[in-house]
Amino acid sequence: MTIKTILCVEDDRFIGEMYIRSLRKAGYDVEWVVDGNDGLVAARNKQYDLIILDIMLPEQRGDQILASLRNDEVDLVPNSKIIIMTNFEQNDHERDAISKRVDGYLIKADITPRRLLEFIKEIEAQG
C-alpha cells in the first residue's frame, strides 16, 4: 500500500505543526484538524490512506472517534490505516483494546518527525 493522503487529528499546535511540516516535506498530502468532532467528520467525508489520531482531544476523544470509525460491527474506513499517537497514560487493558483496532500505537514523547516517517514507511511495506 502506498500512503499519499494523511489526516492528522492533533490539538497540540506545536506538535501538529512539527509533524505536518515533516510529512509535507516528505511528499504527503496532509490535512490537519485540531478537535475530535472535526476529525470524525473529516475521516467520514474523505478517504485518507492514513489517519494519525491523538487520544486526548477537545470535543471528542480519539478513542471515541476510533470506536465510531472502526469497531467489531463496522469499519467505516476499510482502506485507511490508523495510527494512535498519545502521551496519555493508559492501562494495559485499554491500550490492548485500542491496539487491536489500529495499525500502530505510538507514544508522542518517543516519536520524532524522522521516526514517524520511518514508521509510516513500515506500514506501507506491510501493505
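Structure notes:
- Residue 36 being under 14 Å from the mean Cα position of the chain (by Cα) and under 16 Å from residue 64 (Cβ atoms): yes
- Exactly one residue among 55, 82 is in contact with a helix residue (DSSP H, G or I) (Cβ under 6 Å, 6 or more places away or on another chain), within 18 Å of residue 11 (Cβ to Cβ) and buried (at least 19 other Cβ atoms within 10 Å of the Cβ), and that residue is 55.
- Matching entry among 99, 68, 80 (being under 24 Å from residue 2 (Cα atoms), hydroxyl-bearing (Ser, Thr, Tyr) and modelled with pLDDT of 90 or more): 80
Residues are listed down the side, and each one gets a yes or a no for (1) buried (at least 19 other Cβ atoms within 10 Å of the Cβ); (2) assigned to a strand (DSSP E or B); (3) of a type in the set (Gly, Ala, Ser):
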{"site": "24", "(1), (2), (3)": "no, no, no"}
{"site": "43", "(1), (2), (3)": "yes, no, yes"}
{"site": "51", "(1), (2), (3)": "yes, yes, no"}
{"site": "78", "(1), (2), (3)": "no, no, no"}
{"site": "98", "(1), (2), (3)": "yes, no, no"}
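- Odd one out for residue 114 among (1) surrounded by 14 or more Cβ atoms within 10 Å (Cβ to Cβ); (2) more than 14 Å from the chain's Cα centre (by Cα); (3) in contact (Cβ under 8 Å) with a residue 40 or more places away in the chain: (1)
- Residue match in the range 113-120 (condition: part of a helix (DSSP H, G or I), at pLDDT below 90 and of a type in the set (A, V, I, L, M, F, W, C)): no
The values are calculated or read from the model by the stated rules, or taken from the named source; none is laboratory data. Treat the numbers as computed from the prediction; the structure is a model and nothing was measured. Neighbour counts are summed over all protein chains in view; Cβ atoms, including those assigned to glycine, are modelled from backbone coordinates with ideal geometry.
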